[in-house]
Amino acid sequence: MKKIGQLSKFSPVTTAVVACALIVGWLIFMAPIHGYSDNGDFQYLMATNDIYSLHQAKAGYVVQHYGLMKYYNPIHLDHLTAQSVVIQIAVGLNRLFNSQTQFDIRFLGMVYYSLYLGGVGVLVKGLVGTGRKFRHYLMTMIIVLFVADSSFTLYFNSFYPQALTFILLLYLVGFALLIIHYRAENKWLVVGFYLAAILLLMVHESTSLLIVGILIMSMSILLLPGRQWIHGSVAVITVALLFGCWVSANNITPEVRAMNKYQAVTQGKLLATSQPEEIAKTSHIDEQFALMKGQSYYPTAYTAVKPDADYTQQHFSRHYDLSWLIREYTAYPQQFNLLLDKSAKNTMILRPKLTGTQEKTAGNKPFQTTHYFSLFSYVAGTYYPKTYGFNCLLAFAILVIYGSGLLHGLKQTNQTVRYHFWLVLGLLSVVVLVPPAVIVLYGTANFVTHTLPVAVCLSLTGLILMSDVLQHRLWRNQDVA
Amino acid sequence: MWRKGYLWGFLLIILLLLGVKQSTIQAEAADQRPVMLVYDSKNIAEHGDLDLDCCQRLLTSLGLPVKTVQLSQYHAHLLETSHCQGVITMVNWAQVNSRNQAFERDRARFTGVKLHIGSGLQTDERKSLGGHFKTLVHQQLKVHQGQANQLLSTNKTLLVNDKRAGNAMSVGWLTNQNMPAESYSYGVKVGNAGFLPEIGTDGVSINLAGQLIAKLFKLDRQPQLPLLTITGVTPYTKMNHLKHLIDCLSSQGYPFALSIVSVESNTDLAAFHRYTKILRYAEKSGGVIFLSPSTETGTQRLNEAQLRSVFQTELASLGADRVLPIGVSAPGYWNRSQRRQAAVLSPASHVLLRPDTHLKLEEKPVEAEPVVTNSQVFPTSIVGIPFDAFETATYQNKIQFFQSTALLVKMPADTTEINRLMQRLQGSKLRWFDPVRDQLETSLKIGTVSYEYQAGQYLVNHQVVFDLDADIENFATDAKPAESDSWMNRVIQWQSHALLWLFAGIGLVLTGLLVLGWRIYRRKFIRNSGQKKG
């Protein structure tokens, strides 16, 4: 076996990148293209990026061609996020190579694609190293199974923020692993890590919640020995990250703010109880508003009273705030647990709801989804336990494993595991802390967007653990890459 | 000779009989032929879309089906005497002066009823109307119907009939505020041709339009009483205010109708039963209920089957709580769309058509209206006119309604508004339609369920409901059926919990081992250092 591995001409990194390039490239570039269709979130994002729908698209189909605005756009980049930057690059390339008036979504796919392949390379190098033994190739295969899963890669041909979140998380963890492995000072790796961290915070207002994990991961880098030049800047870097988080969390339109506030109650608090009328006891909300239980801010097609109507604003939304919601949840922890379990149930469901993945062709129904290369998401979505308590215990168990490594490493010359502890702690803090924050801030609405980082962090933790086990780092201190 | 005369006489009688028979058959068939409404522009900036909608609802409430087409979309031979019983030319945007040769040719050939609304009269129309027309610019005009009169709220440029022809009939008249001596005809009828200066937003002018149309189409209509209708009642309305309003109305002896919306889901909640309890209270206090479809939102629209199922669900959940709507109330555009008509309006015998909401120039409609829209008629269609439209009218009790009319009042927001409404009602001295006294009979049939109303009595599936409140406790505390878990779900649920416990166990053991290891390690470490020190 070893011989076969050593005979191979390609390193694990090259193998992984080539495999992903083929698997993903075929899916997103070959016509008819695949991606995720609009579930209503695209319009504002497209408008601020000078893109518009060419014709009334039928819901449930992926659209390849969009129009590009030619004249003055009053809301041009009104809502600047990291995602807008990527879209602007794609728009620029499209103007250069394709057309001034028509936008081909594949240009966006291509930008994501190249970023993604870089991310895959960094991650595989960080996790597998340069070894060419069988176990390295085995690890590579497992990683490819995860990163090339179509549930993630279909996002590239869409305007959902998840595409960039996913890619940047690959970079973030990959750079962190590389910095830990090559303890020889390499400034560019550190710059890459912090760049990925800042961009990640800026993707979407919900990714600002990843700040906890990023700060802890940043510890693992700052604590490395022989980085005296960096020790002084701990405070500076932390403050910069916190500032980035604050900017991103507040970088939302009043409409989105109103939506989040509304759904945090209707799809959160009200959904968790069988007697939603009780909200009238602790607030000035009329108990009739219990009937808004489960309603979304943008109801599909039909509603008794519009959530954005003045009446609702005056009699409902104006009468509560975040502190009331937190007090309510602390008073009824049972309801909060119910919602946490609901979030756990949805964590591993990686595809957005109410979307199709196919272009409109003859004999093709809307909302059809492809099963292409989706083993990982299928297994995770079906068999991964669906309770929040399990996630916490799993996090605890993994931390115990790495904690022993931390203590073990106190004396040893190889301290890789010791730094992995901080990395894994950062990832697991996201897994444990983000769901409660999401429930309080957004309710159970749009879970897929809000909890995708949780799923990716959990999977990446699993990969780190697996790579440490396969490379015998955890218990036998040998075979250091 | 005498025989020949006899024969001729006989033939003549037969011909006459045949002719009469022909004409009666035609008259019967004519009822089904639509009226073609051709408009130049919606002129959204000046609310022309609302005038158009008002005209359509007015025609519907007079039992005339309407086929609406924009002038620029009109193609030759759409208007034929055999297909249409009348044509209405509506000019909303006179400044543009849109023309369509094909339409003008077809209209000139057309022999049915011709009505022109607004300015921009063509030569042939002027000729058939006769008399003399005059354009009034920026004048304060008062419109009269009998004793009742009202100041026109808009003082836009109006074309009015100054001197009418000898054979012309005038429906209502206009006087000038500044020169009371001068008066003009409002509606004009010369044989089959008619003219109206505008549809307008004022109650009296809308009524005159209804009166003129009824006359033109030779509809034998007696003046009717209007139905007082409270609109905008939702499950989120303050229930104590609604109850207070019902109390006020019934104690003053005003019969009334409520146009309500309901919810499709969450009907098991106490809040829903509280809502239905108040609605039952309204039913018992002499009120009748019209169910209105909810607001359409977002970028998707339900198709006919989905719409029907949502509406059916709402009706069923209301019916289970003994809230039995007697008809359907909807904005005007619901009667212009095929699938909305079929899914929601058609099941009802009584359809109340409320005004559309004003379109906005900058807002793109979610779905484009078809080029030609068909407004259907129902056994009884009621046109909804805001009660506020009559606020400035004097002698309101003298106003005559020739079409079935509901006067709409928005649900008051607080007690002061309720009091103000009661004062307005008392001040108007209007006589209202009373469903019990005036022997109202309605039916609403959807799916296998039918709700009927017969002068105060409610029937469900032809069975009289004697007590609306009977067995109420049974459905107020409806036990929720336990959610049936699939076999797979249960296994996965069990697996999650089992793994939870397993990991909890492993975690504990590992912690124990860790503590143990740490202790051993510490002992070793301390002894080593101790040895070194020593």
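Does the range A:137-157 contain any residue that is in the same structural domain as A:Pro12 (by TED's automatic domain parsing), in contact with a strand residue (DSSP E or B) (Cβ under 7 Å, 6 or more places away or on another chain), closer than 20 Å to A:Ala47 by Cβ and crowded, with 23+ Cβ neighbours inside 10 Å? Quick ask: steps written out before the conclusion?
Going residue by residue through the range A:137-157, those that are in the same structural domain as A:Pro12 (by TED's automatic domain parsing) are A:137-157.
Cutting the leftovers down to in contact with a strand residue (DSSP E or B) (Cβ under 7 Å, 6 or more places away or on another chain) gives us A:154, A:157.
Narrowing further to those that are closer than 20 Å to A:Ala47 by Cβ: A:157.
Subsequent filtering for residues that are crowded, with 23+ Cβ neighbours inside 10 Å retains A:157.
Within the range A:137-157, one or more residues are in the same structural domain as A:Pro12 (by TED's automatic domain parsing), in contact with a strand residue (DSSP E or B) (Cβ under 7 Å, 6 or more places away or on another chain), closer than 20 Å to A:Ala47 by Cβ and crowded, with 23+ Cβ neighbours inside 10 Å.
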* **Residues that are surrounded by fewer than 22 Cβ atoms within 10 Å (Cβ to Cβ), within 14 Å of chain A (Cβ to nearest Cβ) and either in a helix (DSSP H, G or I) or hydrophobic (A, V, I, L, M, F, W, C) (or both), drawn from the range B:217-260** => B:Met239, B:Asn240, B:His241, B:Lys243
* Taking the stated definitions as given, is A:Tyr194 surrounded by fewer than 21 Cβ atoms within 10 Å (Cβ to Cβ), in the same structural domain as A:Gln162 (by TED's automatic domain parsing), out of contact with any Lys or Arg (no Cβ under 6 Å at 6 or more places or on another chain) and touching a residue at least 24 places away in the same chain (Cβ under 8 Å)? -> yes
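In the range B:179-216, which residue that is charged (D, E, K, R) and over 17 Å from B:Gln140 (Cβ atoms) is surrounded by the fewest Cβ atoms within 10 Å (Cβ to Cβ)? Before the answer, list the steps.
Kept after step one, since they are charged (D, E, K, R), are these residues of the range B:179-216: B:182, B:189, B:198, B:202, B:215.
Those left that are additionally over 17 Å from B:Gln140 (Cβ atoms): B:189, B:215.
Numbers: B:Lys189: 24, B:Lys215: 17.
If we take residues in the range B:179-216 being charged (D, E, K, R) and over 17 Å from B:Gln140 (Cβ atoms), then B:Lys215 is surrounded by the fewest Cβ atoms within 10 Å (Cβ to Cβ).
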* Asked: For the range A:367-481, which fully contained helices (runs of 4 or more DSSP H) count at least 2 residues that are more than 30 Å from A:Ala21 (Cα to Cα) and modelled with pLDDT of 90 or more?
  -> A:388-408, A:416-442
* To do: Spot the failing condition for B:Ile206; the list is (1) touching a Cys at 6+ places or on another chain (Cβ under 8 Å); (2) within 14 Å of chain A (Cβ to nearest Cβ), and only one is missed.
  => (2)
* Asked: Which of the residues spanning the range A:268-293 are within 7 Å of another protein chain (Cβ to nearest Cβ) and not in a helix (DSSP H, G or I)?
  -> A:Asp286, A:Lys293
* Would you pick out the residues in the range A:311-366 that are in a helix (DSSP H, G or I), under 24 Å from the mean Cα position of the chain (by Cα) and within 14 Å of chain B (Cβ to nearest Cβ)? -> A:Asn337, A:Leu338, A:Leu340, A:Asp341, A:Lys342, A:Ser343, A:Ala344, A:Lys345, A:Asn346, A:Thr347
* Among the residues of the range B:261-272 satisfying the criterion of being out of contact with any Asp or Glu (no Cβ under 7 Å at 6 or more places or on another chain) and surrounded by fewer than 21 Cβ atoms within 10 Å (Cβ to Cβ), which is farthest from the other protein chains (Cβ to nearest Cβ)? -> B:Ser265
* Asked: Across the range A:38-76, what is the number of residues that are surrounded by 15 or more Cβ atoms within 10 Å (Cβ to Cβ), charged (D, E, K, R) and modelled with pLDDT of 85 or more?
  -> 2
* Asked: Out of the residues in the range B:73-122 that are more than 22 Å from B:Ile199 (Cα to Cα) and of a type in the set (S, T, N, Q), which is farthest from the chain's Cα centre (by Cα)?
  -> B:Gln101
* When you go through (1) more than 20 Å from B:Gln211 (Cβ to Cβ); (2) of a type outside the set (Val, Ile, Thr); (3) at pLDDT 90 or above one by one for B:Leu136, which number turns out not to apply? -> (3)
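Which of the strands (runs of 3 or more DSSP E) found entirely inside the range B:297-408 contain at least 1 residues meeting this: over 19 Å from the mean Cα position of the chain (by Cα)?
Once the strands (runs of 3 or more DSSP E) in the range B:297-408 are filtered for at least 1 residues that are over 19 Å from the mean Cα position of the chain (by Cα), what remains is B:372-375.
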* To do: Please verify whether the range A:285-292 includes one or more residues that are closer than 22 Å to A:His450 by Cβ, in contact (Cβ under 8 Å) with a residue 12 or more places away in the chain and either in contact with a strand residue (DSSP E or B) (Cβ under 6 Å, 6 or more places away or on another chain) or surrounded by fewer than 20 Cβ atoms within 10 Å (Cβ to Cβ) (or both).
  => no
* Asked: Quick check, is A:Leu96 touching a residue at least 60 places away in the same chain (Cβ under 8 Å) and either in a helix (DSSP H, G or I) or within 26 Å of A:Phe42 (Cβ to Cβ) (or both)?
  -> no
* Asked: Name the residues in the range B:409-430 that are part of a loop (DSSP other than H, G, I, E, B) and either surrounded by 15 or more Cβ atoms within 10 Å (Cβ to Cβ) or among the aliphatic types (A, V, I, L, M) (or both), would you?
  -> B:Met411, B:Pro412, B:Ala413, B:Leu430
* Please enumerate the residues belonging to the range B:282-305 that are more than 8 Å from chain A (Cβ to nearest Cβ) and out of contact with any strand residue (DSSP E or B) (no Cβ under 7 Å at 6 or more places or on another chain). => B:Lys284, B:Ser285, B:Gly286, B:Asn303, B:Glu304, B:Ala305
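Can you tell which of B:Ser317, B:Ser337, B:Ser329 is among the hydroxyl-bearing types (Ser, Thr, Tyr) and in contact with a strand residue (DSSP E or B) (Cβ under 7 Å, 6 or more places away or on another chain)? Before the answer, list the steps.
Values: B:Ser317 fails: in contact with a strand residue (DSSP E or B) (Cβ under 7 Å, 6 or more places away or on another chain); B:Ser337 fails: in contact with a strand residue (DSSP E or B) (Cβ under 7 Å, 6 or more places away or on another chain).
Exactly one residue qualifies, and that residue is B:Ser329.
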* To do: Quick one: count up the residues across the range A:113-136 that are surrounded by fewer than 24 Cβ atoms within 10 Å (Cβ to Cβ), modelled with pLDDT of 95 or more and hydroxyl-bearing (Ser, Thr, Tyr).
  => 2
* Taking the range B:357-382, which residues are surrounded by 10 or more Cβ atoms within 10 Å (Cβ to Cβ) and among the aliphatic types (A, V, I, L, M)? -> B:Leu359, B:Val366, B:Val371, B:Val372, B:Val377, B:Ile382
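The values are calculated or read from the model by the stated rules, or taken from the named source; none is laboratory data. The model shown is predicted, which means the values in this text are computed figures rather than measured ones. Cβ: placed from backbone, ideal geometry, glycine included. Neighbour counts: every protein chain shown.
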